[in-house]
Amino acid sequence: MFNLDKDLVFFDLETTGGDVNKDRIVQAALIKYHKDGSAPSERKYMVNPLQPINPEAIKVHGISDEMVKDAPPFKLIAVELLAFIGDADLAGYNSNRFDIPLLIEEFARTGMVFTLDGRRLIDALQIFYKMEPRTLRAALKFYCGKELTDAHDAMADTKATIEVLAGQLKYYENTDWTDVSSGLIVEKPVKNDMQAIHNFINGNDNKVDLTGRFIRNEKGQIIFNFGNQKGQVAKDHPNVLRWVIEKDFPLQVKEIARAILAGKMG
């Protein structure tokens with residue numbers, strides 16, 4: 001189905017809420033496509049978040065505190081989960097903005113490092129935003145002519161995302177894309193090549209971290225993208241960088257702040 005030069009893991013997380021820093025995983029589903037063409041591998045976990053699930057989140061995914069009270073906490077599945085993912089590229093739906101940063105945080109709480117180095121990030125939502133900005137349900141209907149059942153069940157959403165990406169590759173295989181801000185035309189950017197897709201999604205992105213707290217300006221300098229210092233060059237405000245490190249920011253954001261302070265990024 002996919003032209004791969006390394007393994008590709010599709011995944012989806014259901015959580016206690018929508019805050020990357022504070023919320024926890026309650027369900028995780030993963031499907032690994034192997035570069036050798038062997039049958040995909042699947043994993044699905046229910047996870048005890050060790051904190052109450054936000055009622056608004058329960059309305060979305062239907063997972064209650066009672067349903068996960070006897071499930072293992074994340075620290076007990078972390079080693080198995082990391083081994084399953086291995087060095088694979090990652091794919092999901094809105095995964096760059098939410099699922100991946102949250103996964104980094106969960107691993108960090110266990111003392112494990114989940115690195116993005118060498119991984120290509122394939123977010124089907126970003127293709128959808130650029131080509132047909134809709135929802136996962138609409139994407140499945142639009143590209144595959146199917147209705148999404150069991151929405152917000154992690155495995156159902158993961159399988160739907162697989163079908164959406166496959167449908168996008170077929171639908172846009174001969175379609176050029178025009179950047180509305182610059183008028184630049186990119187010839188056939190959506191193709192069965194994970195590097196090409198990664199470049200299309202992320203190539204013109206000025207975000208330094210996945211959540212966009214730090215971005216680069218037109219000079220290539222890292223600037224703040226939040227708070228009173230928004231738009232200011234980060235390295236010129238060491239006290240703010242130290243504050244970021246001390247406060248409740250995602251781990252990736254803190255690591256970037258440390259690198260800027262150490263003169264390794266700027």
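Residue under question is Lys264, and the condition is that it be over 27 Å from Ala124 (Cα atoms), without any contact (Cβ under 8 Å) to a residue 40 or more places away in the chain and not in a helix (DSSP H, G or I); does it hold? Please lay out each step first, then the result.
On the way: over 27 Å from Ala124 (Cα atoms): yes; without any contact (Cβ under 8 Å) to a residue 40 or more places away in the chain: yes; not in a helix (DSSP H, G or I): yes.
It is true that Lys264 is over 27 Å from Ala124 (Cα atoms), without any contact (Cβ under 8 Å) to a residue 40 or more places away in the chain and not in a helix (DSSP H, G or I).
Residue pairs whose Cβ atoms lie under 7 Å apart, separated by 6 or more positions or on different chains, with the first residue in the stretch 200-220 and under 23 Å from Thr178 (Cα atoms) and the second of a type in the set (Lys, Arg) and modelled with pLDDT of 90 or more, are Asn206/Arg216. Being under 30 Å from Lys6 (Cβ atoms), out of contact with any strand residue (DSSP E or B) (no Cβ under 6 Å at 6 or more places or on another chain) and surrounded by 15 or more Cβ atoms within 10 Å (Cβ to Cβ) is a property that Ala91 lacks. In the stretch 137-155, the residues that are crowded, with 17+ Cβ neighbours inside 10 Å reach residues that are small (Gly, Ala, Ser) and modelled with pLDDT of 90 or more with C-beta atoms within less than 6 angstrom, at least six apart or across chains, in these pairs: Leu140/Ala160; Tyr143/Gly167; Cys144/Gly167; Leu148/Ala160; Ala154/Ala29; Met155/Ala29.
A quick yes/no check of all residues on (1) among the β-branched types (Val, Ile, Thr); (2) under 24 Å from Gln195 (Cα atoms); (3) modelled with pLDDT of 95 or more:
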residue	(1), (2), (3)
Phe2	no, yes, yes
Lys6	no, yes, yes
Phe11	no, yes, yes
Glu14	no, no, yes
Val20	yes, no, no
Gln27	no, no, yes
Ile31	yes, yes, yes
Lys35	no, yes, yes
Ala39	no, yes, yes
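Screening the candidates Lys22, Lys32, Lys44, Lys59 for the property of being assigned to a strand (DSSP E or B) and over 30 Å from Glu173 (Cβ atoms) yields one hit, Lys44.
Considering the stretch 188-213, the residues that are at pLDDT below 90 and more than 16 Å from the chain's Cα centre (by Cα) include one that is surrounded by the most Cβ atoms within 10 Å (Cβ to Cβ), namely Asn206.
Across the stretch 8-42, the qualifying residues are those that are among the aliphatic types (A, V, I, L, M) and in contact with a Pro (Cβ under 6 Å, 6 or more places away or on another chain), and the one among them that is surrounded by the most Cβ atoms within 10 Å (Cβ to Cβ) is Val26. Looking across the stretch 108-136, the residues that are under 19 Å from the mean Cα position of the chain (by Cα), of a type in the set (S, T, N, Q) and surrounded by fewer than 19 Cβ atoms within 10 Å (Cβ to Cβ) come down to Thr115, Thr135.
The values are calculated or read from the model by the stated rules, or taken from the named source; none is laboratory data. Note that the structure is a prediction, hence the values are computed from the model and not measured. FYI the Cβ positions are ideal-geometry reconstructions off the backbone, even for glycines, and counts take in every protein chain you see.
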